[in-house]
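All remarks here apply to the structure that follows.
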Amino acid sequence: MTRGRRWGAAVLAVAVLTGGCTGDDDGRFRPGAADVGDPYVPGSGNGGYDVGHYALKVRYDPADDRLTGEAVLTATATRALSRFQLDLAGLTVDRVRVDGAPAKHRRDGAELVVTPAHGLPAGQRFSVEVTYGGVPEPLPSAELGDGGFQATGDGAIALGQPESASTWYPVNDHPSDKATYEIEVTVPDGLAALSNGVPRGTASRDGWTTWRWSEASPMASYLSTLVIGNYRVATGTHAGKPMITAVAATLPADGPAAASVARTGEIADFLAGRFGPYPFDAYGGIVVADDRIRYALETQSRPVYGPGFFRGTRPNTEVVAHELAHQWFGDSVSVARWSDLWLNEGFATYAEWLWVEHDGGRAVERAFTDRYAVTDWSKPTVDPGRAAMFGDAVYQRGALAVHALRRAVGDATFFRILRGWLAERRNGTATTADFIGYAERTAGKPLRPLFDAWLIGASPPALP
């Protein structure tokens, strides 16, 4: 995500977790955990199972803002379950089936509690079918701003971090439980319905058009998106993969937004030269025109950019570089707990520095020294607290730590660490301790004191 220097503010953080696991299992059927225990997102995510795939079919009518949906989740029980929970905020559930059989269900706030006809043994693969509908609403947060499904003048935008997915489909809403996706979106003819992954075609009938998308690489739920409305959609290929970019029709066709996303392929290729092969089956980007979206988000394979990044007359490729870097750092390799968000944002900020230098702007070394001089070292990068999750310590101090590592080990070892780390952890999750351990093994020397100083030390660290 890109916030901050152009938009001022929100701050946020993260903690705990292991995807869906609840410890040893003695074979007795018990309820799954009501959340994953991450204090940065209390009540979000659920234990006792691991989702492998989401098949979503939604229909949305901007005339009355009503959404109807059918979701089929394929999951595996990680313990013997008598019942389990899904995150689903503000929508009415009409029917639930587990492995094709009717299941009891009830609402508990933003949770859907499901009791199957029979217990689910540990290790059993099962399916959950949910039919639901209503008028979606975003999730309010005084600290972080609203996230989730928001109606617009011509459609809707479903977007947000750390939570958004539960406002438009039932989900295990935490990045520790990644899954593959198939998404079908039906909207009135003439509107675009954009989502993640590879386009699978459109079909029209009786005044409605269905857009189909497929994401075959595991995706954290907050990285799923749905953008509906009047957009200029450009479809092509890049490096043998689909490239889908879209710009809101109300923004100029020859303006800075269009010019910026037009360089998506070029920027992705530059980053691939530093980080290793691009990790997904499609490229793209979407620029929305709604001023409520005061950030850019690295929605998998197709980042979404708020209009504020393109207010001037010149393109802004820096934000594109940031969100594309997240395709490696954050999307392909995701945080196992939100307190380690710097693993996403510090590296994406550093990628901005790399791209700007490559594109003829400020040198990375100058960016490092300038930022070092103005950093507030009293604010930690790791586990900064929920209110500081999107603060400068996570983004800018995180980038300083990345460059300090580069200085300490040299360019060849530094980029070997990055490429090896991304290859080893591809499609998975990780923690700060995981990264430090990998960096030490690759460099062949202790690095924890360096990371402690640059990530959590309370005074300016010595320059390596």
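See the values below:
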{"item": "Theoretical gain in end-to-end length, A216 to S141 [0.36 nm per residue, Cα-Cα removed]", "result": "23.9 nm"}
{"item": "Per residue value of the accessible surface for segment 304-401 (all protein chains in place, 1.4 Å probe), Å²", "result": "30"}
{"item": "Å² per residue, accessible surface of segment 127-259 at 1.4 Å", "result": "33"}
{"item": "Contour excess over end-to-end distance, with Cα ends at D370 and T250 and 0.36 nm allotted per residue", "result": "39.4 nm"}
{"item": "The chain: radius of gyration and largest Cα-Cα distance (Dmax), Å", "result": "21.7, 68"}
{"item": "Estimated inter-spin distance, S82 and R95, nm [label 7 Å along Cα→Cβ]", "result": "2.8"}
{"item": "Quarter of Cα convex hull surface for segment 155-253, i.e. mean projection, nm²", "result": "7.2"}
{"item": "Three-way shape label, segment 327-464, alpha-carbon gyration tensor, a/c 1.5", "result": "rounded"}
{"item": "Heavy-atom accessible surface of the chain: percent carbon and sulfur, 1.4 Å", "result": "49"}
{"item": "Cα-centred dipole magnitude for the chain, charges only on beta-carbon of K, R (+1) and D, E (-1), debye, nearest 20", "result": "660"}
{"item": "Listed residues Y438, S44, I456: farthest to the positive end of the dipole of the chain (Cβ charges)", "result": "Y438"}
{"item": "Global geometry of segment 41-100, whether rounded, prolate or oblate, following the gyration tensor of its Cα atoms and the 1.5 cut on a/c", "result": "prolate"}
{"item": "Computed FRET value (nearest 0.05) for T131 with R407, which takes r as the C-beta separation and R₀ as 56 Å", "result": "0.50"}
{"item": "Links that overshoot a 31 Å alpha carbon limit, given the list K57/K241; K104/K178; K178/K445", "result": "K178/K445"}
{"item": "For the chain: relative contact order, % (alpha-carbon pairs under 8 angstrom, 6 or more apart)", "result": "15"}
{"item": "Ratio of the Cα radius of gyration of segment 52-146 to 2.2 N^0.38 Å, where N counts its residues", "result": "1.18"}
{"item": "Part-to-part distance (alpha-carbon centres) for segment 121-190 and segment 403-425, which is given in Å", "result": "35"}
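The values are calculated or read from the model by the stated rules, or taken from the named source; none is laboratory data. The model shown is predicted, which means the values in this text are computed figures rather than measured ones. For neighbour counting, all protein chains shown are included, and Cβ atoms are generated from backbone atoms with ideal geometry for every residue, glycine included. Heads up: the accessible areas ignore ligands, DNA and RNA and are worked out on the full protein's heavy atoms, side chains in. Shrake-Rupley method; radii C 1.70, N 1.55, O 1.52, S 1.80 Å.
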